[in-house]
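First the structure, in the form of structure tokens, and then the observations on it.
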Amino acid sequence: PSGGDGETLKFFGQSIHGEMDLNGDGLTDVTIGGLGGAALFWSRDVAVVKVTMNFEPNKVNIQKKNCRVEGKETVCINATVCFDVKLKSKEKTIYEADLQYRVTLDSLRQISRSFFSGTQERKIQRNITVRKSECTKHSFYMLDKHDFRDSVRITLDFNLTDPENGPVLDDSLPNSVHEYIPFAKDCGNKEKCISDLTLDVSTTEKGLLIVRSHNDKFNVSLTVKNKKDSAYNTRTIVNYSPNLIFSGIEAIQKDSCDSNHNITCKVGYPFLRTGEEVTFKILFQFNTSYLMENVIIHLSATSDSEEPPEALSDNEVNISMPVKYEVGLQFYSSASEYHISIAANETVPEVINSTEDIGNEINIFYLIRKSGQFPMPELKLSISFPNLTSDNYPVLYPSGWSSSENANCRPSSLQDPRGINSAQKMIISKSEDLKRGTILDCSTCKFATITCNLIPSDMSQVNVSLILWKPTFVKARFSSFNLTVRAELQSENASLVLSTGNQKRELAIQISKDGLPGRVPLWVILLSAFAGLLLLMLLILALWKIGFFKRPLKKKMEK
């Protein structure tokens, strides 16, 4: 027993002796004594295990493929693993150990670049009995898609098959071994590969970009060329502004590019040979959450090979293009009257008490409704209408307007300028009638403009009331002509623009006079005369062809 209860064995540890092998296992035992007895302690032996790994070939040269796996040429590597065992207490005695070991390929990587032959596994576990020294072989192959950023690390872990019995492993030695297989670079007679990359970039759009929706595409074409030694692990790195979204690639494999905050694309993997060039496209869409004045993209090409500083100037390209966003909206216009007829014998009262005495009221309606993805900017709506003739006779009289709450229209002085709606009486003198001349159109009329500022809103509405000033037209000579009311919509935000189809609206109000023929234009008269003359000539030619003008008397005299 190794202890004391204070009665049969007291003062345990009073004496210690460790110079003899009492159990014959070759290790010195320790005897600890006390008053009334002693205790014998012995230890387990210590096994010394050393492991070495060798590889053939000892470098991965992707240009020298030496095997075929699943129909594809690749690089296979044979690994030789050797174990050397002995007991620490009996170094000259032959010792036999039962070991268990595990080999892990590419242990530094989450996704392995190699598998063991005949499997699709990166790990194997085996048992081996080693008597002094023993070697075993394993083979593995490199996968088709790999990179050259770092060497392939092979890790071997081992332990005793029965760690509870027999010797224990020497804890001063590691129970795992790491070996590295580097990638060989073919640089001819040079120790280092000196490459010279160039990067050329073009875009599908030139100049100003007009974005109509987030589905609009913006494509960038990249051409990477290597002028000198093979460039290993060649890649392009693309940084772009937040108003762009990476949507895909074309002309290279889909898994060649990784996208996080930037885009990294492998080019000509695993290396770009001398004189080789690769062209591909990066596809972008627009991020409608970020409205910026410019699209900014920085592109660069690099590799794991060395490149002289003086050759780096053509490795980078910067793109900066102005961008504007087309606001999606619906711009409607309509009128309550499109045709006004004036009777030939119509008269107007000499005293005007209300706008109803002037003439017909024309209500013009404008509606702007948001329909796109981009925010609505502040808008300016300008409404122009023929207000006076060239001789300052009234044409369309603005009696007033109304609008939605987000609209502010001006000038207020243009609203019922003669105060007719304010019960002010107005006397029409005969001199205000157009007694002479004929009205052909209103091309020389003077226009007035109502300007409305529209605060951003999903819907804006402006209604304008115009009255045809009949005293101007009652005694004038005309048949029919149009009065055109024009509206122009503009964005007050430089980045948010309107499409061409949403900028202008025109409404034509036809004015006609009953019972009074209009003057026939001169060109109509000339065209009619020419058509009649042409018809007569065609008729004469037809009669001549059928012999209508030949005289039968001449034929009889010749007989």
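The values are calculated or read from the model by the stated rules, or taken from the named source; none is laboratory data. Here the structure is a predicted model, which is why all the values come from computation and not from measurement. For neighbour counting, all protein chains shown are included, and Cβ atoms are generated from backbone atoms with ideal geometry for every residue, glycine included. Surface areas here come from the heavy atoms of the whole protein model, side chains and all, with no ligands, DNA or RNA. Shrake-Rupley method; radii C 1.70, N 1.55, O 1.52, S 1.80 Å.
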query: Given Cα pairs under 8 Å that are at least 6 residues apart, what percent is the relative contact order of the stretch 129-232?
result: 25 percent
- request: Report, in debye and to the nearest 20, how large the dipole of the stretch 197-326 comes out about its Cα centre when Lys and Arg carry +1 and Asp and Glu carry -1 on their Cβ.
  value: 380 debye
query: Measuring with a 1.4 Å probe in the full set of protein chains, what accessible area per residue, in whole Å², belongs to the chain?
result: 57 Å²
field: Debye, to nearest 20: dipole size of the chain, +1 on Lys, Arg Cβ, -1 on Asp, Glu Cβ
entry: 4700 debye
- line: Candidate cut points under GluC sites (Glu not before Pro) in the stretch 157-228, DSSP loop plus at most 10 other Cβ atoms within 10 Å of their own Cβ, are Glu164, Glu191
field: Environment charge of Asp314, counting only residues whose C-beta is closer than 11 Å and scoring Lys/Arg +1, Asp/Glu -1
entry: -3
- prompt: Given labels modelled 7 Å from the Cα in the Cβ direction, how far is it in nm from Thr52 to Ser320?
  reply: 6.2 nm
message: Could you compute the net charge surrounding Ser457? Neighbours are other residues with a C-beta less than 12 Å from the C-beta of Ser457; K and R count +1, D and E count -1.
response: -1
task: Would you calculate the separation in nanometres between label points at Met459 and Arg418, each defined as 7 Å from the Cα along the Cα-to-beta-carbon direction?
output: 3.6 nm
- line: In the neighbourhood of Val211 defined by beta carbon distances under 13 Å, the net charge of the other residues (Lys, Arg +1; Asp, Glu -1) is -1
Residues in the stretch 224-245 reached by a label modelled at Leu283 [backbone nitrogen below 15 Å; 7 Å Cα→Cβ]: 245
task: Kindly report, to the nearest 10 Å², the accessible surface of Asp84 as traced by a 1.4 Å probe over protein heavy atoms only.
output: 60 Å²
field: Viscosity 1.002 mPa s, temperature 20 °C, Stokes-Einstein D of the chain from Kirkwood C-alpha radius, µm²/s
entry: 60 µm²/s
message: Which chymotrypsin sites (Phe, Trp or Tyr not before Pro) in the stretch 300-349 sit in a loop by DSSP (not H, G, I, E or B) and have at most 14 other Cβ atoms within 10 Å of their own Cβ?
response: Tyr338
message: What FRET efficiency comes out for Lys217 versus Arg273 if R0 is 35 angstrom and r is the Cβ-Cβ distance? Round to the nearest 0.05.
response: 0.65
field: Antiparallel %, DSSP beta bridges [both residues in the chain], to 5
entry: 90 percent
- request: Loop only per DSSP, at most 15 neighbouring Cβ atoms within 10 Å: give me the trypsin sites (Lys or Arg not before Pro) in the stretch 461-491, ordered by residue number.
  value: Lys475
- prompt: Given R₀ = 51 Å, FRET efficiency for Ala529-Glu488 by Cβ-Cβ distance, to 0.05?
  reply: 0.75
- request: On the protein heavy atoms, probe 1.4 angstrom, tell me the percent of accessible surface of the chain carried by carbon and sulfur.
  value: 50 percent
- request: Treat each spin label as a single point 7 Å out from the Cα along the C-beta direction, and report the Lys64 to Ala344 distance in nm.
  value: 11.1 nm
- request: Kindly state, to the nearest 0.05, the FRET efficiency for Ile540 paired with Arg369, given R0 = 60 Å and r defined as their beta-carbon distance.
  value: 0.40
field: Residue-averaged 222 nm ellipticity for the chain, from DSSP H runs of 4+ at -39500 (n - 2.57), nearest 500
entry: -2000 deg cm²/dmol
